[in-house]
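Reviewing the structure listed below.
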Amino acid sequence: MTRPASDWWKSAVVYQIYPRSFADSNGDGIGDLAGIIGRLDYVRALGVDVIWLSPVYRSPQADNGYDISDYRAVDPMFGTLAEFDAFLARVHELGMKLVMDLVVNHTSDQHPWFAESRSTRVGSKRDWYFWRDARDGAEPNNWGSLFGGSAWQWDQSTEQYYLHLFERRQPDLDWTNPEVRAAVHDLMSWWLDRGVDGFRMDVINFISKADGLPDAPGIPGQTFVNAIDRFADGPHVHDYLAEMTRVVFADRDGEFMTVGEMPAVTPDEARLYTDPARHELNMVFQFEHMSVDQGADKFDYVGLDLVALKKSLHRWQIALAETGWNSLYWNNHDQPRVVSRFGDDHPDYWAASAKVLATVLHGMRGTPFVYQGEELGMTNYPFRHPWELQDIESLNYYNGVLEAGGDTGAALAGLTRMSRDNARTPMQWDAGPHAGFSSSAPWMPVNPNHTWLNAESQVCAADSVFAHYQALIHLRHRLPILVDGDFTPLMAEDPQIWAYTRTTPTAGLVVLANCGRDTRAVDVDPEWTGATLLLGNLPNAEASITSTTVELAPWEARIYLARPGSAG
Ligand code: GLC
Ligand code: CA
């Protein structure tokens, strides 16, 4: 079956590059575009179709580039526009596409739009942002920032507050203003004219706030509350996205891809965002499965309940089966490393569990995303001291606990497990100094395990985590059933086995995975007898299913194919 060009992204696999931490070419300890160019053959060898590049725009780097002060310039830290063009040309030469990060819920406070907006109450850009008077001498409403404290910042010069859902140096744009929307459309078109192939849209379901910015329900006495219901999936967001598609993409030839990052999005909303008939987005990043091990807040680690994790992902598989499309991810620059989080990073199980997690994710229906280093099974970093943390979210959290006289030991333990810093340690290229990332000390410490966990030792090893990812990506390209097959969970209540089928009228796949240290026998329906092994993560797996029981070793995963003649 050949797929219409318009949904080529359904069989694609995306690789995310976080430029600060990927490869440093000039020895300043920070990754850059020239460094990425030098490593593109590696990315190509993995077999991915698309690169998503985290922001390289000009930025004061308050939030590592997610605070943009010029949307049409490359930050000198990362290189030049000419280097960007060379990078893009090389990506295309290698047969891949490039998706840019689009951060337009907010700008940097150093963006000229904001400078003008803040300068006077009567200027032409005043209403590009949310300016409000104090209410009873305090914040205009009770919304808390996602990075801690109030979502409002008092600005002395014009004596009003402005809204920032993230850090105070990331003021929110007011999308009710058509001039703001037009400015965003223009900058998107500017990058598409340069040749990029789409966008990953940062917190794009936050662009429409509840009319009137009403208080969120809070506990009496609580000052700032998590007000996500007041700005996620707001009243006009679908209109804004449909308008964006119309203005930016409708008259353009080419194959593009869009993915919206959407904290708190529900399956019902996601179906609307990704319904092809609505012309909004190709897919969204949902977060439900990223919160199953979190308690009171994201740094309150409560342990993994595998049943809850499975149920969450299965729910999304089923919710978007008829209409819409899922993205599939374990990792990105905002999440701790999955092998340490949902796998088992003990040396005996590290590689096997990394492959198990990859297998269950890539076997599902959706577009898989691989975050740099995930394909090597990179682990969390053993943070021991607060000063090793760099991320603004981590630091705000730690300092908040410190100021409140809370338990800083527990805070550090939570951050060590769950902080974004874990994703941002340098890419581990080799066993040498600074892991081959840079010729000098990197901006984040290199994980000491780079001496044995690195790209050089894996790219040529047939049984490496890298090779397993390569094999999964190859399967996604080769087997239409991985794209189109219906998803049916098996053994949903089992706390250790992750199993499901993918079926079409003519073929079937069964994915069986043991997510634990005990050997387990799994009962399979007799109709699977004779199915042949397509991919496993351990040696000596049975080449076909010969009985109604399959025994799985600790952290073993297998994919069996039935009726292999057609494969979908
Ligand atoms: C998104 C980004 C994250 C950033 C935030 C604010 O969640 O992925 O890194 O801090 O938006 O832009
Ligand atoms: Ca550099």
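The values are calculated or read from the model by the stated rules, or taken from the named source; none is laboratory data. What you see is a predicted model; the values in this text were computed from it and never measured. Cβ sites come from the backbone with ideal geometry, for glycine too, and all protein chains shown count toward neighbours. In case anyone asks, the SASA skips ligands and DNA or RNA and just uses the protein heavy atoms, side chains included. Shrake-Rupley method; radii C 1.70, N 1.55, O 1.52, S 1.80 Å.
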Part-to-part distance (alpha-carbon centres) for the stretch 248-270 and the stretch 482-499, which is given in Å: 27 Å
Rounded FRET efficiency, nearest 0.05, which uses the C-beta distance separating Glu551 from Ala441 and R0 of 41 Å: 0.25
Under 30 Å from Lys298, Cα to Cα: lysines that are on another chain or at least 8 residues apart: Lys209, Lys310, Lys311, Lys355
Potential lengthening between Asp186 and Glu493 on full extension [0.36 nm per residue; Cα-Cα distance subtracted]: 105.6 nm
Exposure of Lys311 as accessible area (Å², to 10), given a probe of 1.4 Å and all protein chains: 90 Å²
Where GluC sites (Glu not before Pro) in DSSP loops with at most 16 other Cβ within 10 Å are excluded, longest remaining stretch of the chain: 323-492
Rounded to the nearest 10 Å², the accessible area of Asp136 at probe 1.4 Å: 150 Å²
Accessible area of the chain divided out per residue, in Å², using a probe of 1.4 angstrom: 37 Å²
The chain - share of DSSP beta bridges that are antiparallel (%, nearest 5): 60 percent
Long-range HN-HN contacts of Asp155 with modeled amide H, under 5 Å: Gln160, Tyr161, Tyr162
Virtual spin-label span in nm between Leu533 and Ser124, 7 Å along Cα→Cβ: 6.9 nm
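Please report the carbon-and-sulfur percent of the accessible area for the chain; probe 1.4 Å, protein heavy atoms only, DNA, RNA and ligands left out.
Carbon-and-sulfur percentage of accessible area, whole number: 50.
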Between the stretch 26-97 and the stretch 382-410, the alpha-carbon center distance in angstrom: 30 Å
For the stretch 282-317 and the stretch 185-224, distance of Cα centres in Å: 22 Å
